[in-house]
Amino acid sequence: QVQLVESGGGLVQPGGSLRLSCAASRIIFRLYDMGWYRQTPGKQRELVAAITKGGSTNYPDSVKGRFTISRDNAKNTLYLQMNSLKPEDTAVYYCNARFSGLDYWGQGTQVTVSS
């Protein structure tokens, strides 16, 4: 069974940084387009960052210039470097993998930005 396991979440002060990781198993990772999403209670899950299998990246304006998505195909791992964090970045962050109609999600990791 495909597994996506996120790690690296936690409590950070405004202006701080965190690096999330997503370890993938039982998929041919290099074939998948990958993404990070976030969700807060009562709101829809929203895209935070995406990276194609070819390495092209995409960010919404809300995180552009602060967040950086990257992937290490040799380690089957996806990363999200988050800098200059704001309280409104507080959410559960989810890893997503997509390929040819297949769509997988991790269990999520909580990120809390608060003083």
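The values are calculated or read from the model by the stated rules, or taken from the named source; none is laboratory data. Keep in mind it's a predicted model, so treat the numbers as computed, not measured. So basically every Cβ, Gly included, is an ideal-geometry build from the backbone, and we count neighbours across all protein chains shown. Protein only, heavy atoms only, side chains kept; ligands, DNA and RNA dropped before computing areas. Shrake-Rupley method; radii C 1.70, N 1.55, O 1.52, S 1.80 Å.
When the residues of the stretch 103-113 are filtered to those that are in contact (Cβ under 8 Å) with a residue 60 or more places away in the chain and open to solvent by 60 Å² or more (accessible area, probe 1.4 Å), the one that is farthest from S25 (Cα to Cα) is Q110.
Here A91 meets each of (1) over 19 Å from G42 (Cβ atoms); (2) aliphatic (A, V, I, L, M); (3) open to solvent by less than 60 Å² (accessible area, probe 1.4 Å) with one exception, condition (1). Return yes when I69 is open to solvent by less than 70 Å² (accessible area, probe 1.4 Å) and aliphatic (A, V, I, L, M) and no when it is not. Yes: the conditions hold for I69. Residue count for the stretch 17-33, restricted to those that are buried (at least 16 other Cβ atoms within 10 Å of the Cβ) and part of a loop (DSSP other than H, G, I, E, B): 2. Taking the stated definitions as given, is A50 free of Cβ contacts under 8 Å to residues at least 24 places away in the same chain and open to solvent by less than 30 Å² (accessible area, probe 1.4 Å)? Taking the combined requirement at face value, the residue satisfies it.
Against the definition (crowded, with 18+ Cβ neighbours inside 10 Å and in contact with a Ser or Thr (Cβ under 8 Å, 6 or more places away or on another chain)), how does L78 come out, yes or no? Spelling it out, L78 is indeed crowded, with 18+ Cβ neighbours inside 10 Å and in contact with a Ser or Thr (Cβ under 8 Å, 6 or more places away or on another chain).
Closer than 23 Å to D103 by Cβ and exposed (fewer than 15 other Cβ atoms within 10 Å of the Cβ), is that true of V2? Spell out how you get there, then give the answer.
Details: closer than 23 Å to D103 by Cβ: yes; exposed (fewer than 15 other Cβ atoms within 10 Å of the Cβ): yes.
Yes, satisfied.
In the stretch 60-72, the count of residues that are charged (D, E, K, R) and touching a Gly at 6+ places or on another chain (Cβ under 9 Å) is one or more.
Looking at the stretch 34-92, the strands (runs of 3 or more DSSP E) lying wholly inside it that each contain 2 or more residues that are among the polar types (S, T, N, Q) sit at 67-72, 77-82.
The selection criterion, being of a type in the set (S, T, N, Q), modelled with pLDDT of 95 or more, within 21 Å of V2 (Cα to Cα) and open to solvent by 60 Å² or more (accessible area, probe 1.4 Å), does not hold for Q44. Against the conditions (1) touching a Gly at 6+ places or on another chain (Cβ under 9 Å); (2) of a type outside the set (D, E, K, R); (3) on the phi > 0 side of the Ramachandran plot, N76 satisfies every one except (1).
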